[in-house]
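Below: the structure, in structure tokens.
The values are calculated or read from the model by the stated rules, or taken from the named source; none is laboratory data. A quick note: this is a predicted structure, and the numbers were derived from the prediction, not measured. Using ideal geometry, Cβ is built from the backbone for each residue, glycine included, and neighbour counts are taken over all protein chains shown.
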Amino acid sequence: MKKIFSFIFVSILISPAFGQNNSKKIATKLARPKLVVGLVVDQMRWDYLYRFHDLYAANGGFRRLLGEGFSCENTFIPYMPTVTAAGHTCIYTGSVPAIHGIVGNDWFDNLTKQYVYCTSDTTVETLGSDNSKVGENSPRNMFATTIGDELRLATNFKSKVVGIACKDRASILPAGHNPTAAYWYDAKSGNFVSSTYYMDTLPDWVENFNGKHRVDSLYTKNWDLVEPKSVYEKYASETDQNDYEATPITAGQNSFPYNLTQFIGKDYGKIMYTPYANTLTADMAIAALKGENLGKGETTDMLAISFSSPDYIGHAQGPNSWEQLDDYLRLDKEIERVLNALDAQVGRGNYTVFLSADHGAAHAAGYSIAHKMPGGVFDGKAAKNDMNEQLKQKYGFGNIIKDIMEYQVILNDELLSHTENINREDLTNWIINYLIKKPEVASAFAFNKLSQTILPEVQKQRITNGYFAQRCGQIQIILKPGYFDGSKLGTTHGEWNPYDSHIPLVFYGWGIKTGSTNRETYMTDIAATLAGLLHIQMPSGCIGNVVTEALEN
């Protein structure tokens, strides 16, 4: 009896103490960073972090993030095709095309029988330019929420979320369904624009930014090497001028220096093929930071920034060109400038940054061939035309194959549905047999036979993750490593291989440890990790996991 009484007495004494501790924890304000900033580089291979490491400024952009942040060294894109729209969507939704629906930059819609651009929306109008088409964009084609959407929901829409990029899709899709705003570049006017999806008129700070005609002032700088020639000879192609590089700035010219003053007031599209598009993006991002007072409110804000010019330069001249190396050396300085602006505006240690990429890129075919590496070009357009000609002779109908897009064959369903003498399975087998005889092709199969197709699991999983029936073709093509469907000039991307799918992922700042992991992580983990950091719900289609090693608590 005495023991029972003692136990009850001690319990009475202890219980209030526990209650007080719990009350104290509940009363404590939830800790969050003042601002989350996404830095996404369009067409950044993971190896650029280290291939050019010694050339980056010691306390600049990339090396500051690596030295003080947490790097996930083996981060992969878990789907194909690895293209811009799908990549930006995956980063911010934590989802894959099979769920969020953004299967490419463009696709053929099997329901409407129309080609669709990923962010096209004719129900909205342009703000900021007389170019009426440039603003007919919104996120309505994306089915999942973004991490910015979830942040807005979690704070009862008090958090500000802003997307900034030169490419419309690289601003619109990351910003989400209900952001404060998304802004992108109009190559006709040289302005940053938006659409009536977000607002009725542009804010004064955007009008003021556009009024400075920043592109003209950047053109006056022209473009020459930022380092001595010996640096480029050591870290890039042996020579500046190569016959596998395109000439996107001045016809017939693919070597330094580039005269940009000739485009002042005339052609505002050329800037995209220079590092100055990164400068322009950084300028606009810093203007948004100040104009919207991001990181100054009671709730966490988000700024999604995408640097688009590496993709333009890479497509035109390839990963090993002097132009691309120069582009990354200058991008390092722009990221440094953004970080310094964040220090001044929000305060060092008060914000969280992540750096990643939407995809990588293959080596230019000509570069690979010149160095005895596997690789080359598969001409999808020529293959389509040749197959259609042979099928016309076989069945008496032309244009049976509507297109080859994103390594998928799209059949002309409208024609086939009205044609009784064509057996669909026989046609599919004929196309597959044609394709697998091409020297560049490793495999081809019908999507409805994927489960029965003998493939390495990594390929099968990534194809599955990229398949959305309403927006995909009927036959998948897998090329041999190093090969791509594109031009003999420059390069492209879109496949499952590491050069396209192995991307950088570095977390930095508030709530982030210093260190790294070689554990395999995925693009889908970015949104999940941010949700864990912010203590908010994951986006509605998120399949990623929190990178717990990166978080302090």
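So, in region 258-279, of the ones that are outside any loop (DSSP other than H, G, I, E, B) and touching a strand residue (DSSP E or B) at 6+ places or on another chain (Cβ under 7 Å), which residue ends up nearest to Ser309 (Cα to Cα)?
Asn278
Tell me, which residue of region 266-283 that is over 18 Å from the mean Cα position of the chain (by Cα) and among the polar types (S, T, N, Q) is farthest from Thr250 (Cα to Cα)? Only one residue fits best here, namely Thr279.
Within region 324-381, the set of residues being assigned by TED's automatic domain parsing to the domain that holds Val231, of a type in the set (Val, Ile, Thr) and part of a helix (DSSP H, G or I) comprises Ile335, Val338.
Identify, from the list Ser194, Ser159, the residue that is assigned by TED's automatic domain parsing to the domain that holds Gly297, part of a strand (DSSP E or B) and crowded, with 24+ Cβ neighbours inside 10 Å.
Going through Ser194, Ser159 in turn, the sole match is Ser194.
Determine which member of the set His371, His418 is surrounded by fewer than 16 Cβ atoms within 10 Å (Cβ to Cβ) and over 30 Å from Asp224 (Cβ atoms).
His418
Among the conditions (1) part of a strand (DSSP E or B); (2) in contact with a His (Cβ under 9 Å, 6 or more places away or on another chain), Leu303 misses just one, which is (2).
Taking Asp426 as the residue in question, decide whether it is more than 28 Å from the chain's Cα centre (by Cα), free of Cβ contacts under 8 Å to residues at least 60 places away in the same chain and surrounded by fewer than 19 Cβ atoms within 10 Å (Cβ to Cβ). Here the answer is yes, as Asp426 does meet what is asked.
Only residues that are assigned to a loop (DSSP other than H, G, I, E, B) and either of a type outside the set (A, V, I, L, M, F, W, C) or within 19 Å of Leu289 (Cβ to Cβ) (or both) were counted across region 138-156, and they come to 8.
Residue-level analysis places Ala442 among those that are outside the structural domain of Pro275 (by TED's automatic domain parsing) and touching a Lys or Arg at 6+ places or on another chain (Cβ under 7 Å). I'm trying to understand the selection: among the residues of region 45-65, which are touching a strand residue (DSSP E or B) at 6+ places or on another chain (Cβ under 9 Å) and over 24 Å from Thr84 (Cβ atoms)? Result: Arg64, single match. Here region 256-277 is the region considered, the condition is being out of contact with any Leu (no Cβ under 8 Å at 6 or more places or on another chain) and among the β-branched types (Val, Ile, Thr), and the residue that is farthest from Asp327 (Cα to Cα) is Ile264. On the basis of being surrounded by 24 or more Cβ atoms within 10 Å (Cβ to Cβ), in contact with a strand residue (DSSP E or B) (Cβ under 6 Å, 6 or more places away or on another chain), part of a helix (DSSP H, G or I) and not small (Gly, Ala, Ser), does Pro179 make the cut? No: the conditions fail for Pro179. Pairs linking a residue in region 61-77 that is within 21 Å of His359 (Cβ to Cβ) to a residue that is of a type in the set (Phe, Trp, Tyr) and assigned to a strand (DSSP E or B), with Cβ atoms under 6 Å and 6 or more positions apart or on different chains, are Leu65/Tyr508; Phe76/Tyr522.
When you look at Lys296, is it in a helix (DSSP H, G or I), in the same structural domain as Asp54 (by TED's automatic domain parsing) and charged (D, E, K, R), yes or no? Against the criterion (in a helix (DSSP H, G or I), in the same structural domain as Asp54 (by TED's automatic domain parsing) and charged (D, E, K, R)), Lys296 does not qualify.
Would you confirm whether or not region 278-296 contains a residue that is closer than 18 Å to Ser321 by Cα, in contact (Cβ under 8 Å) with a residue 24 or more places away in the chain and crowded, with 17+ Cβ neighbours inside 10 Å? Yes, there is a match, as at least one residue in region 278-296 is closer than 18 Å to Ser321 by Cα, in contact (Cβ under 8 Å) with a residue 24 or more places away in the chain and crowded, with 17+ Cβ neighbours inside 10 Å.
Entry remark, region 225-243: residues being in contact with a Phe, Trp or Tyr (Cβ under 6 Å, 6 or more places away or on another chain) and in a loop (DSSP other than H, G, I, E, B) number 3 in total.
Looking only at region 436-486, residues that are assigned to a strand (DSSP E or B) and of a type in the set (A, V, I, L, M) come to 8 in all. The set of residues from region 322-351 being of a type in the set (Val, Ile, Thr) and touching a strand residue (DSSP E or B) at 6+ places or on another chain (Cβ under 6 Å) comprises just one member, Val346.
Residue under question is Gly135, and the condition is that it be touching a residue at least 60 places away in the same chain (Cβ under 8 Å) and in a loop (DSSP other than H, G, I, E, B); does it hold?
yes
The residues of region 381-409 that are buried (at least 20 other Cβ atoms within 10 Å of the Cβ) and within 26 Å of the chain's Cα centre (by Cα), listed by number, are Ile404, Met405, Glu406, Tyr407, Gln408, Val409.
In region 111-119 there is at least one residue that is under 30 Å from Ser417 (Cα atoms) and touching a Phe, Trp or Tyr at 6+ places or on another chain (Cβ under 7 Å). Listed by first and then second residue, the pairs with beta-carbon distance under 7 Å, at least 6 apart or on different chains, first residue in region 531-548 and of a type in the set (Val, Ile, Thr), second not in a helix (DSSP H, G or I), are Ile543/Gly94; Ile543/Ser95; Ile543/Val96; Ile543/Thr524; Val547/Cys72; Val547/Thr521.
The single condition among (1) out of contact with any Ser or Thr (no Cβ under 6 Å at 6 or more places or on another chain); (2) farther than 28 Å from Ala85 by Cβ; (3) of a type in the set (Ser, Thr, Tyr) that Thr299 does not meet is (1). Of the residues that sit in region 442-482 and are surrounded by fewer than 20 Cβ atoms within 10 Å (Cβ to Cβ), at pLDDT 95 or above and of a type in the set (Gly, Ala, Ser), which one is farthest from Ile400 (Cα to Cα)? Checked region 442-482; the qualifying residue farthest from Ile400 (Cα to Cα) is Gly482.
For region 410-435, a residue qualifies if it is β-branched (Val, Ile, Thr) and part of a helix (DSSP H, G or I), and the qualifying residues are Thr428, Ile431, Ile432.
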